[in-house]
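J.: Got a structure for you, questions after.
The values are calculated or read from the model by the stated rules, or taken from the named source; none is laboratory data. Bear in mind that the values here come from a model prediction, so they are computed numbers and not experimental data. All Cβ positions, glycine included, derive from the backbone under ideal geometry; neighbour counts span all protein chains shown.
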Amino acid sequence: MHDEHINHEFLDAVLAGEEVDAYYHLGVTSSDPVLEGMRNVRAIIMGGSGARMDEFAHRWSAEHGDSDVIAFPKEERFTTRYTSGVLFVSHGMGMPSASIAVQELMRLVYFLKRGDQTAIADVFWARVGTSGGVGLPAGTIVVTTEALMADLKPYRLLDGGDGLHWFESTFPRDTVDGIVAANEGSGIPIAAGRTVATDEFFIEQFRLDGAIRLAHSARKMEWLRWLDENGVRNIEMEGAMLAAYLNYWGFRRFAMVCTTLVNRLEGDQVHATPAEIHEYTERSGDVLFRYLRTIIP
Ligand code: R2B
Ligand code: URA
């Protein structure tokens, strides 16, 4: 782990009992007894929708002798479930929302692992989501190798001073390969490649079906072809921040597995039926679960 990138001043005061950490958006605090049952957490699985996280948790529980599913009581912001070593958490849509979930979860993992950096680094993280495909038919699963922003540059934020902090937003290649290998022979179409994470579903994804009309519309195909030529296989809204924050602390095992709902080279609107969308998102869950079973029996 990158020790100097961890906020020891605050997190160690929580461990020492000098401060109580309120994981406000998750709806628990570090003094909540419910956390005692989660010390063995080995993986954190995230996705946009709370209903999907609940479904995944129950599926994992059913595979593990109907293990107890712990539900955090607060569900206004994120839905959180824990069962058999895996924490399932929804993160909402977009990097501002998902960054709140990720930072509270990093604090929580530090607390649960009592600051032991070897144990912390062993935790596997993944986002399972939806995306627009670039040159891929709907229903293809993309395992991300690197997540960039709409200008094909890495994730960055105002750094609190007068500049930007640039993060590293690659995904560990051995985890990508492990996920692909675990799914060989499954019949599910899988591609590994770059992902673009945007701050807007319409304008930054160069859609022509938004309410607001900007000059960007003329450049739509130019942008999409540029992504295609640069190895981008899909477009979503959280991956660059996720990889950036996890790399910053030095996590070694994390991944993003997204299904595509539409081929953006052919159109903007998602015309897949609810049944198709369900089938496609089930596929991304299947792909991740096959890998998860190899690391958590
Ligand atoms: C994929 O789908 C959502 C937008 O429809 C967003 O959260 C994302 O990354
Ligand atoms: N999610 C996105 O962010 N973009 C799409 O095109 C589809 C799902």
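J.: Do any strands (runs of 3 or more DSSP E) entirely within the range 138-215 hold 2 or more residues that are in contact with a helix residue (DSSP H, G or I) (Cβ under 6 Å, 6 or more places away or on another chain) and within 16 Å of ligand 2 (Cβ to nearest atom), and if so, which?
T.: Values: elements: 141-148, 156-158, 164-166, 190-197.
Where strands (runs of 3 or more DSSP E) fall fully within the range 138-215 and carry at least 2 residues being in contact with a helix residue (DSSP H, G or I) (Cβ under 6 Å, 6 or more places away or on another chain) and within 16 Å of ligand 2 (Cβ to nearest atom), they are 141-148, 190-197.
J.: Is it the case, given these coordinates, that Gly135 is within 16 Å of ligand 1 (Cβ to nearest atom) and assigned by TED's automatic domain parsing to the domain that holds Ile277?
T.: So Gly135 does not fit the description; no.
J.: While we're on this one: Could you list, in sequence order, all residues of the range 222-266 that are within 13 Å of ligand 2 (Cβ to nearest atom) and either under 12 Å from Gly129 (Cα atoms) or modelled with pLDDT under 95 (or both)?
T.: Scanning the range 222-266 gives Asn234, Ile235, Glu236, Met237, Glu238, Gly239, Met256, Cys258, Thr259, Thr260, Leu261.
J.: Any chance the range 168-185 includes a residue that's farther than 19 Å from Ala243 by Cβ and hydroxyl-bearing (Ser, Thr, Tyr)? Reasoning before the result, please.
T.: First, pick out the residues of the range 168-185 that are farther than 19 Å from Ala243 by Cβ: 181-185.
Now drop any that are not hydroxyl-bearing (Ser, Thr, Tyr), which leaves none.
No.
J.: Sort out which residues of the range 223-255 are within 15 Å of the chain's Cα centre (by Cα) and outside any helix (DSSP H, G or I), and write them in order of number.
T.: Asn234, Ile235, Glu236, Met237, Glu238, Phe251, Arg252, Arg253, Phe254, Ala255 - these are the residues of the range 223-255 that are within 15 Å of the chain's Cα centre (by Cα) and outside any helix (DSSP H, G or I).
J.: Right, another one. Out of the range 155-166, which residues are surrounded by fewer than 18 Cβ atoms within 10 Å (Cβ to Cβ) and touching a strand residue (DSSP E or B) at 6+ places or on another chain (Cβ under 8 Å)?
T.: Answer for the range 155-166, where residues must be surrounded by fewer than 18 Cβ atoms within 10 Å (Cβ to Cβ) and touching a strand residue (DSSP E or B) at 6+ places or on another chain (Cβ under 8 Å): Arg156, Leu157, Leu158, Asp159, Leu164, His165, Trp166.
J.: State which residue is nearest to ligand 1 (Cβ to nearest atom) when the search covers only the range 256-279 and only residues that are buried (at least 24 other Cβ atoms within 10 Å of the Cβ) and not in a loop (DSSP other than H, G, I, E, B).
T.: So the first thing to find is which residues in the range 256-279 are buried (at least 24 other Cβ atoms within 10 Å of the Cβ), and the list is 256-260, 264.
Next cut, not in a loop (DSSP other than H, G, I, E, B) only: 256-260.
Working: Met256: 10, Val257: 12, Cys258: 7, Thr259: 10, Thr260: 10 Å.
The qualifying residue nearest to ligand 1 (Cβ to nearest atom) is Cys258.
J.: Based on this model, can you work out whether Gly161 counts as more than 30 Å from Thr273 (Cβ to Cβ) and more than 16 Å from ligand 1 (Cβ to nearest atom)?
T.: On the way: more than 30 Å from Thr273 (Cβ to Cβ): yes; more than 16 Å from ligand 1 (Cβ to nearest atom): yes.
For Gly161, the condition - more than 30 Å from Thr273 (Cβ to Cβ) and more than 16 Å from ligand 1 (Cβ to nearest atom) - is met.
J.: Of the conditions (1) at pLDDT below 95; (2) more than 19 Å from Val142 (Cα to Cα), Thr281 satisfies every one except a single condition; which number is it?
T.: Tallying (1) at pLDDT below 95; (2) more than 19 Å from Val142 (Cα to Cα), Thr281 fails exactly one: (2).
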